[in-house]
Amino acid sequence: MARRHSACRPCPLGDHSYSTTYAGDAVYGPAVSGTATVNVNDLPRVSLFSPTDGTQYNSPTTLFVEGAANGVNGTRIMHIDLFDNGVPISSKMLTPPGSTSVSFTFVVNTPAAGLHAYSAAATDDCGMVGDPAVTHVTVIGAATVAITAPTNGSFQVAPGFVSLQATASSQNGGITQIQYLANGVSLGTATAAPYNLTWSNVPAGNYTLIAQATDSAGAVAVSAPVQLVVGSAPTVTVTRPSQGATIADDVISTLTGTIQSPSNSSVRVNGMLATVGASGTFVGNNVPLRPGNNTIQVLVTTAEGVTATQAAVQLHSSSVRTLLRDSRR
């Protein structure tokens, strides 16, 4: 009676019948013939059910490639290989060999921007490799944007005239536009580097500026916020010594005053740099005096170069040391 066997060999798929005949002789007996039927297994099969073909993801992202593999005619799955655009990127070896039906998940961390064809192929315990299952996804690369002007903490005198500028880049291609917003309100867009936009007649107030860049793939990036203050012109007032005071020394040991100006402003007393406090005060130490009448000039300058001066303070020095020093010249 014919017997049916399973074979793992490079034969065409399907059933194969092999016959043999023994002619017989006087020693071993009469002639005998027989037939054996061999079935050559089909290839293992793979299906993918995640991600769905044609899905788009924004970078950075993590992908989970999930599917199932099945052996045929009792063969078992030995390992599964994952490819990205034909390049092997991961493999799962089942030791000892798995069952005839295996579920699997591959984790793909931060895939590069662009089109990806993820394919999975299974190998069975006969060494046969099935046709891969394929799914296609598109990863939309990240865009970046940063405001380069004005700088964070800038001050403008109202009504302000603010020049906005930014840099931007994208993994997907070109930047199509940059939109500027102040306190959430759109100021307008720029479409070409260096993405300049002029904001005119800005009223006094505190503003948070951001830039939103959009690239050719539709990815949107938001810049870090930049703080801008628009206010009245800076002012400076000397509180000590008083106007017309007589100083019995050849220096003003301590000159104090107040400013109405951004905290990053500088103050100079007759050209000498004073110390500016956090509360809008300043101190100048050891300001030189000439004998007799002296004019004290105080200048405040913002980081943007906006300046203000107080009306000159007139002082008189009656120091003997000053008189002696000048008489020796």
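The values are calculated or read from the model by the stated rules, or taken from the named source; none is laboratory data. A quick note: this is a predicted structure, and the numbers were derived from the prediction, not measured. Cβ placement follows ideal geometry from the backbone for every residue including glycine, while neighbour counts extend to all protein chains displayed.
For the condition of a type in the set (Gly, Ala, Ser), at pLDDT 65 or above and surrounded by fewer than 17 Cβ atoms within 10 Å (Cβ to Cβ), SER6 does not qualify. Go through the residues of the range 303-311 one by one and say whether even a single one is in the same structural domain as THR239 (by TED's automatic domain parsing) and over 26 Å from PRO150 (Cα atoms). Looking through the range 303-311, at least one residue is in the same structural domain as THR239 (by TED's automatic domain parsing) and over 26 Å from PRO150 (Cα atoms). The residue that is surrounded by the fewest Cβ atoms within 10 Å (Cβ to Cβ), among those in the range 277-311 that are outside any strand (DSSP E or B) and among the aliphatic types (A, V, I, L, M), is ALA278.
Condition first: in a strand (DSSP E or B) and either under 22 Å from ILE140 (Cβ atoms) or in contact with a Pro (Cβ under 7 Å, 6 or more places away or on another chain) (or both). Now tell me which residues in the range 69-81 satisfy that. If you could, list the steps in order and put the result at the bottom.
Residues of the range 69-81 that are in a strand (DSSP E or B), as a first pass: 69-70, 77-81.
ALA69, ASN70, ILE77, MET78, ASP81, listed by residue number.
Taking each residue of the range 241-252 that is at positive phi and looking for partners that are surrounded by 14 or more Cβ atoms within 10 Å (Cβ to Cβ) and in a strand (DSSP E or B) with beta-carbon atoms closer than 9 Å, six or more apart or interchain, yields GLY244/VAL313; GLY244/LEU315; GLY244/HIS316. Annotation note: of PRO96, PRO111, the sole residue that is at pLDDT below 90, at negative phi and not in a strand (DSSP E or B) is PRO96.
Scanning the range 146-161 for residues that are crowded, with 17+ Cβ neighbours inside 10 Å and either within 13 Å of GLY205 (Cα to Cα) or under 19 Å from the mean Cα position of the chain (by Cα) (or both) turns up ILE147, SER154, PHE155, GLN156, VAL157, GLY160. When residues in the range 259-276 are screened for being more than 25 Å from THR151 (Cα to Cα) and exposed (fewer than 15 other Cβ atoms within 10 Å of the Cβ), 2 of them pass.
Every test in (1) closer than 18 Å to THR138 by Cβ; (2) at pLDDT below 90; (3) not in a loop (DSSP other than H, G, I, E, B) is passed by THR37 save one, and that test is (1).
Would you check which residues across the range 59-76 are surrounded by fewer than 16 Cβ atoms within 10 Å (Cβ to Cβ) and of a type in the set (S, T, N, Q) and list them? Hits for the range 59-76 are THR61, THR62, ASN73.
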